[in-house]
1. Restricting the first residue to segment 88-113 and requiring it to be within 19 Å of residue 185 (Cβ to Cβ), which pairs with a second residue that is assigned to a helix (DSSP H, G or I) and among the hydroxyl-bearing types (Ser, Thr, Tyr) meet a Cβ separation below 8 Å and a spacing of at least six or different chains?
2. Condition check: surrounded by fewer than 18 Cβ atoms within 10 Å (Cβ to Cβ), out of contact with any helix residue (DSSP H, G or I) (no Cβ under 7 Å at 6 or more places or on another chain) and in contact (Cβ under 8 Å) with a residue 24 or more places away in the chain. Does residue 186 satisfy that?
3. Could you list, ordered by first residue, the pairs with Cβ atoms under 7 Å in which the first is in segment 51-71 and within 16 Å of residue 143 (Cβ to Cβ) and the second is open to solvent by less than 40 Å² (accessible area, probe 1.4 Å) and of a type in the set (D, E, K, R), at least 6 apart or interchain?
4. Quick check: anything in segment 223-232 modelled with pLDDT of 95 or more, exposed (fewer than 14 other Cβ atoms within 10 Å of the Cβ) and not in a loop (DSSP other than H, G, I, E, B)?
5. Quick test for you: out of 119, 99, 104, 137, pick the one residue that is part of a helix (DSSP H, G or I), modelled with pLDDT under 95 and either out of contact with any strand residue (DSSP E or B) (no Cβ under 9 Å at 6 or more places or on another chain) or open to solvent by less than 60 Å² (accessible area, probe 1.4 Å) (or both).
6. Can you pull out the residues in segment 69-96 that are assigned to a helix (DSSP H, G or I), modelled with pLDDT of 90 or more and open to solvent by 30 Å² or more (accessible area, probe 1.4 Å)?
7. Restricting the search to segment 190-217, which residues are touching a Leu at 6+ places or on another chain (Cβ under 8 Å) and among the basic types (Lys, Arg)?
Amino acid sequence: MTPGARSPLRALGSIEMQTRRELIHARLREAISSGELAPGTHLAEVELSEALGVSRGTLREALRQLQQEGLLTADARGRLSVRVVTEQEVEEIFTVRHALESLALELICAREDRTAAVARVRQELETLRDAEGDFTAQLDADLAFHERICELSGNTTLLHSWRSVSGLARAAITAAGPETAVLNMAYQRHAPIADLLEAGDAAGGREFLRTHMRDAATRIEQRMHERAESAAG
């Protein structure tokens with residue numbers, strides 16, 4: 001090898017590091033989603049890096065990604081904690097999701113040929129059904145289903161906007177606990193969307209999504225309120 005040239009073996013280390021970071025990110029996101037790391041939990045770097053058996057640098061990268069997704073928040077001193085979602089934020093998040101996803105549905109319905117798009121949506125539905133019984137897999141499948149609709153719209157700005165709130169959506173879905181989240185993520189609640197797309201019923205789809213999002217938000221808010229009252233009492 002020419003003196004001073006970069007060794008191709010160096011790339012292997014960066015791939016391994018990236019993989020470790022992704023694994024840490026996935027593990028922490030799962031713990032947050034399932035409630036294993038409850039809202040408000042402070043994530044001390046030293047303790048967490050020792051528990052996971054990774055360097056603080058690698059851990060810090062994973063934590064930064066979770067913060068960008070909206071699952072972690074930092075206080076005035078930069079200390080990270082699991083995000084505490086308020087009832088107002090739940091309302092806002094689902095309102096934004098309705099606006100984005102109903103527009104995506106309208107764009108798909110406007111096409112003369114929606115066959116391929118409908119097939120992809122039905123494929124995501126089957127993944128959602130197959131995931132029932134595995135909370136983390138079901139949560140991922142639920143978000144993937146809604147993201148796919150935005151992707152199939154063909155509007156990249158819309159898709160980017162949806163992805164920018166997807167972390168907050170994940171936090172909102174799990175804010176009231178797994179039992180409430182599972183009810184919101186049920187296959188039966190999502191199946192009519194594929195039929196509406198196939199029929200090209202944009203108006204019906206918009207109204208269905210309005211009810212779909214409102215019911216989910218209401219269920220979460222009610223459970224959050226009950227928890228707060230129980231803690232106060």
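The values are calculated or read from the model by the stated rules, or taken from the named source; none is laboratory data. On a predicted model such as this, the values are computed, not experimentally measured, just so you know. Note: ideal-geometry Cβ built from the backbone for every residue, glycine included; neighbour counts use all protein chains shown. All accessible areas refer to the heavy atoms of the entire protein, side chains included, with ligands and DNA or RNA removed. Shrake-Rupley method; radii C 1.70, N 1.55, O 1.52, S 1.80 Å.
1. That search, which allows pairs on different chains as well, returns 100/161.
2. Considered against the rule, which asks whether it is surrounded by fewer than 18 Cβ atoms within 10 Å (Cβ to Cβ), out of contact with any helix residue (DSSP H, G or I) (no Cβ under 7 Å at 6 or more places or on another chain) and in contact (Cβ under 8 Å) with a residue 24 or more places away in the chain, residue 186 comes out as yes.
3. Partner pairs satisfying both residue conditions: 71/170.
4. The initial filter retains those residues of segment 223-232 that are modelled with pLDDT of 95 or more, namely none.
Scanning segment 223-232 turns up no residue that is modelled with pLDDT of 95 or more, exposed (fewer than 14 other Cβ atoms within 10 Å of the Cβ) and not in a loop (DSSP other than H, G, I, E, B).
5. 137
6. 87, 88, 89, 91, 92, 95, 96
7. Within segment 190-217, 206 is the sole residue that qualifies.
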